[in-house]
1. Is it true that residue 133 is closer than 20 Å to residue 205 by Cα and in contact with a strand residue (DSSP E or B) (Cβ under 9 Å, 6 or more places away or on another chain)?
2. Take the residues in the range 41-61 that are touching a helix residue (DSSP H, G or I) at 6+ places or on another chain (Cβ under 9 Å) and modelled with pLDDT of 80 or more; name whichever of them is farthest from residue 454 (Cα to Cα).
3. Out of all the residues in the range 80-97, is one or more surrounded by 15 or more Cβ atoms within 10 Å (Cβ to Cβ), more than 24 Å from the chain's Cα centre (by Cα) and not in a loop (DSSP other than H, G, I, E, B)?
4. Just to verify a result, which residue in the range 20-29, among those that are within 18 Å of the chain's Cα centre (by Cα) and surrounded by 13 or more Cβ atoms within 10 Å (Cβ to Cβ), is modelled with the lowest pLDDT?
5. If residue 66 satisfies every condition in (1) farther than 22 Å from residue 158 by Cβ; (2) in contact with a helix residue (DSSP H, G or I) (Cβ under 8 Å, 6 or more places away or on another chain) but one, which is the exception?
6. Select from the range 201-215 the residues that are surrounded by 14 or more Cβ atoms within 10 Å (Cβ to Cβ), in a loop (DSSP other than H, G, I, E, B) and modelled with pLDDT of 95 or more and write down the one among them that is nearest to the chain's Cα centre (by Cα).
7. Can you tell me which residue is surrounded by the most Cβ atoms within 10 Å (Cβ to Cβ) among those in the range 392-410 that are at negative phi and part of a loop (DSSP other than H, G, I, E, B)?
8. Going residue by residue through the range 327-335, is there one that turns out to be without any contact (Cβ under 8 Å) to a residue 60 or more places away in the chain, surrounded by 22 or more Cβ atoms within 10 Å (Cβ to Cβ), in contact with a strand residue (DSSP E or B) (Cβ under 6 Å, 6 or more places away or on another chain) and over 18 Å from residue 297 (Cα atoms)?
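The values are calculated or read from the model by the stated rules, or taken from the named source; none is laboratory data. Small disclaimer: the values here were computed from a predicted structure and weren't measured. Neighbour counts run over all protein chains shown; Cβ positions are idealised from the backbone, glycine included.
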(Lines give C-alpha, C1' and ligand atoms only; values in the text may rest on other atoms or scores of the structure.)
Protein backbone atom coordinates (compact mmCIF):
# COMPACT_ATOMS: atom_id res chain seq x y z
CA UNK A 1 0.00 0.00 0.00
CA UNK A 2 2.74 2.47 0.98
CA UNK A 3 4.74 1.62 -2.13
CA UNK A 4 1.73 2.21 -4.33
CA UNK A 5 1.09 5.59 -2.73
CA UNK A 6 4.72 6.63 -3.25
CA UNK A 7 4.71 5.64 -6.92
CA UNK A 8 1.34 7.22 -7.59
CA UNK A 9 2.49 10.52 -6.13
CA UNK A 10 5.70 10.46 -8.13
CA UNK A 11 3.73 10.11 -11.37
CA UNK A 12 1.90 13.42 -10.89
CA UNK A 13 3.67 15.27 -13.69
CA UNK A 14 1.15 17.98 -14.59
CA UNK A 15 1.45 20.01 -11.42
CA UNK A 16 1.41 23.79 -11.07
CA UNK A 17 4.75 25.36 -10.23
CA UNK A 18 4.61 28.52 -8.17
CA UNK A 19 5.84 28.53 -4.60
CA UNK A 20 7.73 31.46 -3.17
CA UNK A 21 8.87 29.64 -0.03
CA UNK A 22 11.98 27.50 -0.38
CA UNK A 23 11.33 23.91 0.63
CA UNK A 24 14.18 22.33 2.56
CA UNK A 25 15.14 18.96 3.99
CA UNK A 26 14.52 20.45 7.44
CA UNK A 27 10.79 20.87 6.85
CA UNK A 28 10.19 22.48 10.26
CA UNK A 29 12.28 25.50 9.23
CA UNK A 30 9.93 26.44 6.37
CA UNK A 31 7.98 29.65 7.06
CA UNK A 32 4.68 29.78 5.16
CA UNK A 33 3.22 32.73 7.06
CA UNK A 34 3.83 35.03 4.09
CA UNK A 35 1.01 33.23 2.24
CA UNK A 36 -1.58 34.24 4.82
CA UNK A 37 -2.37 37.64 3.29
CA UNK A 38 -1.33 36.91 -0.30
CA UNK A 39 -4.18 37.74 -2.74
CA UNK A 40 -3.64 34.53 -4.75
CA UNK A 41 -2.60 32.24 -1.91
CA UNK A 42 -4.76 29.35 -3.20
CA UNK A 43 -3.52 29.50 -6.79
CA UNK A 44 -1.73 26.18 -6.30
CA UNK A 45 -3.64 23.33 -4.72
CA UNK A 46 -0.92 22.56 -2.20
CA UNK A 47 -0.73 26.19 -1.03
CA UNK A 48 -4.16 25.62 0.48
CA UNK A 49 -2.49 23.25 2.95
CA UNK A 50 -0.01 25.83 4.24
CA UNK A 51 -0.52 28.06 7.28
CA UNK A 52 -4.27 27.62 7.42
CA UNK A 53 -5.91 29.57 10.28
CA UNK A 54 -7.88 27.33 12.67
CA UNK A 55 -9.65 30.15 14.51
CA UNK A 56 -11.08 33.56 13.68
CA UNK A 57 -8.09 35.68 14.71
CA UNK A 58 -5.44 33.31 13.32
CA UNK A 59 -3.78 32.46 16.65
CA UNK A 60 -3.99 28.78 15.76
CA UNK A 61 -2.71 27.61 12.37
CA UNK A 62 -2.00 24.31 10.62
CA UNK A 63 0.46 23.38 7.85
CA UNK A 64 0.35 20.02 6.10
CA UNK A 65 2.93 18.57 3.73
CA UNK A 66 4.53 15.39 2.47
CA UNK A 67 7.47 13.94 0.58
CA UNK A 68 7.42 10.79 -1.56
CA UNK A 69 10.73 9.54 -2.95
CA UNK A 70 11.72 6.52 -5.02
CA UNK A 71 15.43 5.85 -5.59
CA UNK A 72 17.14 3.00 -7.44
CA UNK A 73 20.82 2.14 -6.99
CA UNK A 74 22.62 -0.55 -8.99
CA UNK A 75 26.17 -1.67 -8.13
CA UNK A 76 28.82 -3.72 -9.88
CA UNK A 77 31.64 -4.82 -7.55
CA UNK A 78 30.34 -3.06 -4.46
CA UNK A 79 33.17 -2.63 -1.90
CA UNK A 80 35.57 -3.54 -4.72
CA UNK A 81 34.13 -7.04 -5.09
CA UNK A 82 33.95 -8.00 -1.43
CA UNK A 83 31.24 -10.57 -0.47
CA UNK A 84 28.40 -11.04 0.39
CA UNK A 85 26.78 -8.85 -2.31
CA UNK A 86 29.33 -7.27 -4.66
CA UNK A 87 26.73 -7.00 -7.46
CA UNK A 88 23.58 -5.48 -6.11
CA UNK A 89 20.54 -3.52 -7.23
CA UNK A 90 17.79 -2.28 -4.96
CA UNK A 91 14.90 0.17 -4.76
CA UNK A 92 14.40 2.58 -1.87
CA UNK A 93 10.88 3.89 -1.20
CA UNK A 94 9.91 6.41 1.45
CA UNK A 95 6.93 8.56 2.34
CA UNK A 96 7.23 11.44 4.83
CA UNK A 97 3.90 13.13 5.74
CA UNK A 98 3.97 16.07 8.17
CA UNK A 99 1.75 18.32 10.24
CA UNK A 100 2.86 21.58 11.86
CA UNK A 101 0.53 23.27 14.37
CA UNK A 102 1.16 26.76 15.80
CA UNK A 103 -0.71 28.25 18.76
CA UNK A 104 0.88 31.61 19.50
CA UNK A 105 4.33 30.92 20.97
CA UNK A 106 3.66 27.16 21.24
CA UNK A 107 4.23 24.78 18.38
CA UNK A 108 3.94 21.03 17.71
CA UNK A 109 5.57 19.36 14.70
CA UNK A 110 4.98 15.73 13.66
CA UNK A 111 6.50 13.91 10.69
CA UNK A 112 5.96 10.23 10.08
CA UNK A 113 7.95 7.89 7.85
CA UNK A 114 7.18 4.78 5.82
CA UNK A 115 10.53 3.52 4.54
CA UNK A 116 11.09 0.31 2.59
CA UNK A 117 13.95 -1.31 0.69
CA UNK A 118 13.40 -3.87 -2.07
CA UNK A 119 16.18 -6.21 -3.16
CA UNK A 120 19.14 -5.27 -0.91
CA UNK A 121 21.45 -8.25 -1.47
CA UNK A 122 23.37 -8.02 1.81
CA UNK A 123 20.23 -7.39 3.86
CA UNK A 124 18.55 -4.07 4.66
CA UNK A 125 20.19 -2.04 7.43
CA UNK A 126 19.03 0.94 9.52
CA UNK A 127 19.73 3.39 6.68
CA UNK A 128 17.63 1.27 4.27
CA UNK A 129 14.39 0.32 5.99
CA UNK A 130 12.29 1.19 9.04
CA UNK A 131 8.72 0.25 8.10
CA UNK A 132 6.15 2.72 9.45
CA UNK A 133 7.40 4.88 12.32
CA UNK A 134 7.70 8.34 13.83
CA UNK A 135 10.53 10.27 12.23
CA UNK A 136 9.97 13.56 14.07
CA UNK A 137 7.68 14.61 16.88
CA UNK A 138 8.48 17.60 19.07
CA UNK A 139 6.98 20.63 20.78
CA UNK A 140 8.65 23.96 21.35
CA UNK A 141 8.03 27.27 23.07
CA UNK A 142 9.42 30.45 21.46
CA UNK A 143 9.43 33.66 23.50
CA UNK A 144 10.70 37.11 22.47
CA UNK A 145 13.20 38.86 24.73
CA UNK A 146 13.14 42.40 23.43
CA UNK A 147 12.97 43.48 19.79
CA UNK A 148 15.85 41.40 18.38
CA UNK A 149 16.13 38.42 20.70
CA UNK A 150 14.18 35.18 20.90
CA UNK A 151 14.62 32.08 23.03
CA UNK A 152 13.23 28.70 21.96
CA UNK A 153 13.02 25.55 24.08
CA UNK A 154 12.35 22.36 22.09
CA UNK A 155 11.90 18.80 23.28
CA UNK A 156 11.13 15.53 21.52
CA UNK A 157 12.37 13.76 18.39
CA UNK A 158 13.81 15.74 15.49
CA UNK A 159 16.24 15.82 12.60
CA UNK A 160 19.23 18.10 13.27
CA UNK A 161 21.80 19.57 10.90
CA UNK A 162 24.71 21.44 12.50
CA UNK A 163 26.66 23.68 10.13
CA UNK A 164 27.78 21.87 6.99
CA UNK A 165 26.69 18.47 8.41
CA UNK A 166 30.26 17.17 8.65
CA UNK A 167 29.65 16.03 12.24
CA UNK A 168 25.89 16.10 12.78
CA UNK A 169 23.74 15.68 9.69
CA UNK A 170 20.37 14.47 8.46
CA UNK A 171 21.56 11.35 6.59
CA UNK A 172 19.04 12.46 3.97
CA UNK A 173 20.66 10.85 0.91
CA UNK A 174 20.11 7.26 2.11
CA UNK A 175 16.56 6.05 2.64
CA UNK A 176 16.15 6.54 6.42
CA UNK A 177 17.30 9.85 7.95
CA UNK A 178 19.02 9.97 11.35
CA UNK A 179 16.81 11.46 14.07
CA UNK A 180 17.62 12.38 17.68
CA UNK A 181 15.63 12.33 20.92
CA UNK A 182 16.29 15.04 23.48
CA UNK A 183 16.13 18.77 24.08
CA UNK A 184 17.55 21.89 22.44
CA UNK A 185 17.70 25.43 23.80
CA UNK A 186 18.19 28.08 21.09
CA UNK A 187 18.90 31.78 21.65
CA UNK A 188 18.68 34.03 18.57
CA UNK A 189 19.91 37.63 18.66
CA UNK A 190 20.05 39.49 15.38
CA UNK A 191 22.01 37.28 13.01
CA UNK A 192 23.67 35.30 15.83
CA UNK A 193 22.48 32.04 17.37
CA UNK A 194 23.57 30.06 20.42
CA UNK A 195 22.19 26.58 21.02
CA UNK A 196 22.67 23.98 23.72
CA UNK A 197 22.11 20.28 22.92
CA UNK A 198 21.30 17.21 25.01
CA UNK A 199 20.52 14.36 22.60
CA UNK A 200 20.49 10.63 22.01
CA UNK A 201 20.34 9.20 18.49
CA UNK A 202 17.35 7.11 17.45
CA UNK A 203 18.20 3.44 16.87
CA UNK A 204 16.24 2.42 13.76
CA UNK A 205 14.44 -0.93 13.83
CA UNK A 206 13.34 -2.87 10.73
CA UNK A 207 9.67 -3.25 11.74
CA UNK A 208 6.73 -0.93 12.32
CA UNK A 209 6.86 1.42 15.32
CA UNK A 210 10.05 -0.13 16.74
CA UNK A 211 12.47 2.82 16.52
CA UNK A 212 13.88 3.48 19.99
CA UNK A 213 16.16 5.93 21.77
CA UNK A 214 19.72 4.61 21.80
CA UNK A 215 20.81 3.29 25.18
CA UNK A 216 24.53 3.36 24.34
CA UNK A 217 25.19 6.63 22.49
CA UNK A 218 24.66 10.27 23.45
CA UNK A 219 25.57 13.76 22.25
CA UNK A 220 25.80 17.02 24.22
CA UNK A 221 27.21 20.35 23.20
CA UNK A 222 27.19 24.09 22.63
CA UNK A 223 27.00 25.47 19.08
CA UNK A 224 27.29 29.18 18.24
CA UNK A 225 26.90 30.98 14.90
CA UNK A 226 28.23 34.52 14.73
CA UNK A 227 28.07 37.12 11.92
CA UNK A 228 31.51 38.65 11.30
CA UNK A 229 30.92 40.91 8.30
CA UNK A 230 28.55 41.26 5.38
CA UNK A 231 28.21 37.79 3.89
CA UNK A 232 30.67 36.21 6.36
CA UNK A 233 29.85 34.06 9.41
CA UNK A 234 31.67 31.79 11.83
CA UNK A 235 30.64 28.74 13.84
CA UNK A 236 32.30 27.89 17.14
CA UNK A 237 31.32 24.71 18.95
CA UNK A 238 32.02 22.02 21.51
CA UNK A 239 30.43 18.57 21.18
CA UNK A 240 30.73 15.75 23.71
CA UNK A 241 30.07 12.27 22.31
CA UNK A 242 29.68 9.10 24.32
CA UNK A 243 29.42 5.49 23.17
CA UNK A 244 29.38 2.61 25.64
CA UNK A 245 29.92 0.08 22.86
CA UNK A 246 32.42 1.71 20.49
CA UNK A 247 34.68 -0.34 18.21
CA UNK A 248 38.06 0.50 16.69
CA UNK A 249 40.53 -1.94 15.10
CA UNK A 250 38.61 -4.98 16.36
CA UNK A 251 38.62 -3.64 19.95
CA UNK A 252 35.35 -2.81 21.72
CA UNK A 253 35.42 -0.34 24.63
CA UNK A 254 33.75 2.71 26.10
CA UNK A 255 34.39 5.95 24.17
CA UNK A 256 34.21 9.50 25.49
CA UNK A 257 35.20 12.11 22.93
CA UNK A 258 35.16 15.94 22.96
CA UNK A 259 35.22 17.80 19.63
CA UNK A 260 36.26 21.46 19.51
CA UNK A 261 35.58 23.12 16.18
CA UNK A 262 35.62 26.36 14.23
CA UNK A 263 34.02 27.01 10.85
CA UNK A 264 34.33 30.06 8.59
CA UNK A 265 31.84 30.36 5.75
CA UNK A 266 30.30 32.93 3.49
CA UNK A 267 30.46 34.54 0.07
CA UNK A 268 31.71 37.65 -1.66
CA UNK A 269 30.42 38.23 -5.14
CA UNK A 270 30.86 35.02 -7.13
CA UNK A 271 33.29 33.52 -4.60
CA UNK A 272 32.06 31.32 -1.74
CA UNK A 273 33.84 29.27 0.92
CA UNK A 274 33.20 26.84 3.78
CA UNK A 275 36.30 25.97 5.84
CA UNK A 276 36.29 23.99 9.07
CA UNK A 277 38.84 22.69 11.60
CA UNK A 278 38.10 20.11 14.31
CA UNK A 279 40.17 18.85 17.25
CA UNK A 280 39.19 15.75 19.25
CA UNK A 281 40.32 14.67 22.70
CA UNK A 282 39.04 11.98 25.09
CA UNK A 283 39.37 8.30 26.03
CA UNK A 284 38.68 4.99 24.32
CA UNK A 285 39.01 2.30 26.95
CA UNK A 286 42.53 2.77 28.28
CA UNK A 287 43.73 4.74 25.23
CA UNK A 288 43.94 8.51 24.92
CA UNK A 289 42.16 10.04 21.90
CA UNK A 290 44.20 12.55 19.90
CA UNK A 291 42.46 13.14 16.56
CA UNK A 292 41.73 16.03 14.22
CA UNK A 293 40.28 16.98 10.85
CA UNK A 294 40.40 19.89 8.40
CA UNK A 295 37.70 20.21 5.75
CA UNK A 296 37.27 22.87 3.09
CA UNK A 297 35.05 23.81 0.18
CA UNK A 298 35.84 26.77 -2.08
CA UNK A 299 33.78 27.68 -5.15
CA UNK A 300 33.69 30.32 -7.86
CA UNK A 301 30.64 30.84 -10.08
CA UNK A 302 30.93 32.38 -13.55
CA UNK A 303 27.39 33.77 -13.43
CA UNK A 304 27.70 35.82 -16.64
CA UNK A 305 29.18 33.03 -18.76
CA UNK A 306 27.06 30.66 -20.87
CA UNK A 307 25.59 27.85 -18.73
CA UNK A 308 26.76 29.74 -15.57
CA UNK A 309 29.48 27.18 -14.67
CA UNK A 310 30.60 26.90 -11.06
CA UNK A 311 34.02 25.49 -10.21
CA UNK A 312 34.37 23.93 -6.78
CA UNK A 313 37.25 22.33 -4.90
CA UNK A 314 36.71 20.33 -1.73
CA UNK A 315 39.70 19.10 0.27
CA UNK A 316 39.56 17.01 3.44
CA UNK A 317 42.07 15.65 5.94
CA UNK A 318 40.94 13.36 8.76
CA UNK A 319 43.48 11.78 11.07
CA UNK A 320 44.10 8.06 11.41
CA UNK A 321 45.76 5.86 13.99
CA UNK A 322 49.55 5.58 13.86
CA UNK A 323 49.91 2.31 15.77
CA UNK A 324 47.11 0.05 17.05
CA UNK A 325 49.46 -1.31 19.73
CA UNK A 326 50.16 1.98 21.53
CA UNK A 327 48.09 3.85 24.13
CA UNK A 328 46.86 6.56 21.73
CA UNK A 329 43.90 6.41 19.33
CA UNK A 330 44.38 8.81 16.43
CA UNK A 331 41.37 7.87 14.27
CA UNK A 332 38.98 10.78 13.74
CA UNK A 333 35.32 10.13 14.55
CA UNK A 334 32.87 11.94 12.27
CA UNK A 335 30.02 11.20 14.76
CA UNK A 336 26.76 11.48 12.75
CA UNK A 337 27.73 12.86 9.32
CA UNK A 338 25.58 13.38 6.24
CA UNK A 339 24.94 10.17 4.32
CA UNK A 340 26.27 10.79 0.80
CA UNK A 341 29.49 12.30 2.14
CA UNK A 342 31.74 12.38 -0.95
CA UNK A 343 29.01 12.15 -3.59
CA UNK A 344 26.40 9.70 -4.84
CA UNK A 345 28.95 6.88 -4.51
CA UNK A 346 30.51 7.13 -1.05
CA UNK A 347 32.13 3.81 -0.09
CA UNK A 348 34.69 5.73 2.00
CA UNK A 349 33.99 7.92 5.01
CA UNK A 350 35.90 10.83 6.59
CA UNK A 351 38.32 8.86 8.79
CA UNK A 352 42.03 8.30 8.12
CA UNK A 353 41.58 10.08 4.83
CA UNK A 354 43.17 12.71 2.62
CA UNK A 355 41.13 13.61 -0.42
CA UNK A 356 40.84 16.18 -3.20
CA UNK A 357 37.45 16.66 -4.82
CA UNK A 358 37.24 19.09 -7.78
CA UNK A 359 33.95 19.52 -9.62
CA UNK A 360 32.12 21.72 -12.12
CA UNK A 361 28.36 22.17 -12.39
CA UNK A 362 26.38 23.97 -15.09
CA UNK A 363 22.84 25.22 -15.62
CA UNK A 364 21.44 23.79 -18.86
CA UNK A 365 18.17 25.72 -18.58
CA UNK A 366 14.56 24.63 -18.08
CA UNK A 367 15.43 23.39 -14.59
CA UNK A 368 18.13 20.99 -15.82
CA UNK A 369 21.57 20.97 -14.18
CA UNK A 370 24.66 18.82 -14.63
CA UNK A 371 27.72 18.19 -12.44
CA UNK A 372 30.97 16.40 -13.20
CA UNK A 373 33.23 15.54 -10.24
CA UNK A 374 36.43 13.66 -9.60
CA UNK A 375 37.80 12.47 -6.25
CA UNK A 376 41.23 11.14 -5.27
CA UNK A 377 41.68 9.35 -1.91
CA UNK A 378 44.77 8.58 0.17
CA UNK A 379 45.25 7.17 3.68
CA UNK A 380 46.39 9.73 6.22
CA UNK A 381 48.24 7.09 8.31
CA UNK A 382 49.77 3.87 7.01
CA UNK A 383 49.01 2.09 10.30
CA UNK A 384 45.24 2.54 9.89
CA UNK A 385 42.74 1.16 7.38
CA UNK A 386 39.76 2.43 5.40
CA UNK A 387 36.36 3.21 6.94
CA UNK A 388 32.86 3.69 5.53
CA UNK A 389 30.64 6.71 6.25
CA UNK A 390 28.99 5.20 9.40
CA UNK A 391 32.49 4.50 10.77
CA UNK A 392 32.89 0.76 10.24
CA UNK A 393 36.37 -0.49 9.32
CA UNK A 394 35.91 -1.97 5.83
CA UNK A 395 39.58 -2.65 4.91
CA UNK A 396 42.34 -3.41 7.43
CA UNK A 397 45.76 -1.82 7.03
CA UNK A 398 47.03 -5.31 6.18
CA UNK A 399 50.71 -4.43 6.35
CA UNK A 400 50.54 -2.30 3.19
CA UNK A 401 52.65 0.87 3.07
CA UNK A 402 50.67 2.27 0.12
CA UNK A 403 48.68 5.43 0.77
CA UNK A 404 46.68 5.74 -2.47
CA UNK A 405 43.21 4.21 -2.02
CA UNK A 406 41.77 5.06 -5.41
CA UNK A 407 40.13 7.59 -7.71
CA UNK A 408 36.49 8.27 -8.40
CA UNK A 409 34.62 10.06 -11.21
CA UNK A 410 30.94 10.93 -11.11
CA UNK A 411 28.35 12.52 -13.41
CA UNK A 412 25.05 13.80 -12.02
CA UNK A 413 22.07 15.16 -13.99
CA UNK A 414 19.15 16.84 -12.23
CA UNK A 415 15.80 18.14 -13.43
CA UNK A 416 13.59 20.37 -11.29
CA UNK A 417 10.43 19.69 -13.29
CA UNK A 418 8.31 21.95 -11.09
CA UNK A 419 8.46 23.50 -7.64
CA UNK A 420 7.37 20.21 -6.08
CA UNK A 421 8.66 17.55 -8.51
CA UNK A 422 12.29 16.64 -9.29
CA UNK A 423 14.29 13.87 -10.95
CA UNK A 424 17.98 12.95 -10.98
CA UNK A 425 20.26 10.31 -12.46
CA UNK A 426 23.92 9.63 -11.69
CA UNK A 427 26.73 7.39 -12.89
CA UNK A 428 29.89 6.74 -10.85
CA UNK A 429 33.13 4.81 -11.21
CA UNK A 430 35.67 4.07 -8.45
CA UNK A 431 39.04 2.81 -9.68
CA UNK A 432 41.10 1.09 -6.90
CA UNK A 433 44.60 2.29 -6.04
CA UNK A 434 47.68 0.51 -4.72
CA UNK A 435 46.41 0.10 -1.15
CA UNK A 436 43.26 -1.75 -2.18
CA UNK A 437 45.16 -3.92 -4.67
CA UNK A 438 47.65 -4.94 -1.99
CA UNK A 439 45.10 -5.79 0.72
CA UNK A 440 42.24 -7.70 -0.90
CA UNK A 441 39.61 -7.53 -3.64
CA UNK A 442 40.28 -4.55 -5.92
CA UNK A 443 37.73 -4.50 -8.71
CA UNK A 444 36.38 -1.16 -9.99
CA UNK A 445 33.02 -0.14 -8.53
CA UNK A 446 30.29 1.00 -10.92
CA UNK A 447 27.14 2.71 -9.65
CA UNK A 448 24.04 3.82 -11.50
CA UNK A 449 21.50 5.83 -9.49
CA UNK A 450 18.08 7.23 -10.42
CA UNK A 451 15.69 9.19 -8.22
CA UNK A 452 12.27 10.82 -8.36
CA UNK A 453 10.94 13.06 -5.59
CA UNK A 454 7.57 14.71 -5.04
CA UNK A 455 7.55 17.18 -2.14
CA UNK A 456 5.10 19.86 -1.02
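1. Judged against the criteria, residue 133 is a match.
2. The residue in question is 61.
3. yes
4. 23
5. Answer for residue 66: the failing condition is (1).
6. Ranking the candidates gives 204 first.
7. Taking the candidates together, the pick is 397.
8. Within the range 327-335, one or more residues are without any contact (Cβ under 8 Å) to a residue 60 or more places away in the chain, surrounded by 22 or more Cβ atoms within 10 Å (Cβ to Cβ), in contact with a strand residue (DSSP E or B) (Cβ under 6 Å, 6 or more places away or on another chain) and over 18 Å from residue 297 (Cα atoms).
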